[in-house]
Amino acid sequence: ETLDITCAGLESNCVDLYLQPIVSLPQRKVRYYEVFSRIRNKEGSVIVPEQYLHLAEDTGLISTIDNLLLFRCIQLVRRARHDKVEVGVFVNLLAHALMDPEFFPQFLEFLERNRELSESLLFELSQEDAVNRNISDNLAALRRIGFAFSMDKVTSLDLDFDNLARSNFRFIKIEAGKLLSQNVQQNMTIHITDLKEALK
């Protein structure tokens, strides 16, 4: 049933963007938005990525979803720029899409034609995908045309911060509870009090 809803949603263009604001503290000023996709069926019921991502990967639909999401995000960024709204947008990018020999060349070509948006469009990868050697060349290709990255789903802060900076990772997202846990702090290569300077 989920696969049927996914296919029907893509065919009828019932894929919606949901924007989650990211604010700076303590001002609570919106600096960025993270973009999520949701698919609707004919009755208006919504399914979330956790329900359809694995199915989409297994059936080859993930590239279609990624393409649609990217196109919508570029429209969003262009509209914001037209309205003189300076915000950045985080878009999730899966290793599966980066390794797709049909999808990635077209994806890269599309971004090359839109490289002026590189300051506003940031690609987000999980920590697991970010260190995947199979996609390092394709990440480098995106970096060369000016695009930057964010690391999400961080479970370990035993990181090479200098190498991340060279690879054009500008953001790291970690849950506050994990950051404050003794287990995470004990496995860090630096002391928690030095983390802010290391990230700078």
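The values are calculated or read from the model by the stated rules, or taken from the named source; none is laboratory data. Just so we're clear, the structure is a prediction, and the values are computed from it rather than from any experiment. Positions of Cβ are backbone-derived with ideal geometry, glycine not excepted, and every protein chain shown enters the neighbour counts. SASA here: full protein model, heavy atoms, side chains in, ligands and nucleic acids out. Shrake-Rupley method; radii C 1.70, N 1.55, O 1.52, S 1.80 Å.
If only one of Leu19, Leu25 is within 22 Å of Glu119 (Cα to Cα), at pLDDT 75 or above and surrounded by fewer than 11 Cβ atoms within 10 Å (Cβ to Cβ), which one is it? On inspection, the qualifying residue turns out to be Leu25.
For region 159-189, name all the residues that are surrounded by 14 or more Cβ atoms within 10 Å (Cβ to Cβ) and in a loop (DSSP other than H, G, I, E, B). Listed by number, the residues that qualify are Leu159, Ser167, Asn168, Lys173, Ile174, Met188.
Looking only at residues in region 103-158 that are surrounded by 15 or more Cβ atoms within 10 Å (Cβ to Cβ) and acidic (Asp, Glu), the one that is farthest from Val184 (Cα to Cα) is Glu124. Taking the listed residues Val77, Val46, the one that is open to solvent by 40 Å² or more (accessible area, probe 1.4 Å), at pLDDT 70 or above and β-branched (Val, Ile, Thr) is Val46, with no other qualifying. Can you pull out every residue in region 81-98 that is over 12 Å from Leu139 (Cβ atoms), open to solvent by less than 10 Å² (accessible area, probe 1.4 Å) and of a type outside the set (Gly, Ala, Ser)? Within region 81-98, Val89, Phe90, Val91 qualify.
How many residues are among the β-branched types (Val, Ile, Thr) and touching an Asp or Glu at 6+ places or on another chain (Cβ under 7 Å) when one looks only at region 74-101? Show your work before the answer.
Just the residues of region 74-101 that are among the β-branched types (Val, Ile, Thr), to begin with: 74, 77, 85, 87, 89, 91.
In the following step, the residues that additionally are touching an Asp or Glu at 6+ places or on another chain (Cβ under 7 Å) were identified as 91.
Residues meeting the conditions: 1.
List the pairs whose first member sits in region 115-128 and is at pLDDT 90 or above, whose second member is open to solvent by less than 10 Å² (accessible area, probe 1.4 Å) and of a type in the set (Gly, Ala, Ser), and whose Cβ atoms are under 7 Å apart, counting only residues at least 6 apart or on separate chains? Hits for this filter: Leu122/Gly88; Leu122/Ala148; Leu122/Ser150; Glu124/Ser150. Which of the following residues is polar (S, T, N, Q) and on the phi > 0 side of the Ramachandran plot: Asn132, Asn163, Asn168? Within the list Asn132, Asn163, Asn168, the selection yields Asn168.
Selection over region 139-165 of residues that are of a type in the set (A, V, I, L, M, F, W, C), within 16 Å of Ser120 (Cβ to Cβ) and touching a strand residue (DSSP E or B) at 6+ places or on another chain (Cβ under 9 Å) gives a count of 4. Within region 124-156, the residues that satisfy the criterion of being farther than 18 Å from Leu108 by Cα, polar (S, T, N, Q) and not in a strand (DSSP E or B) are Gln127, Asn132, Thr155, Ser156.
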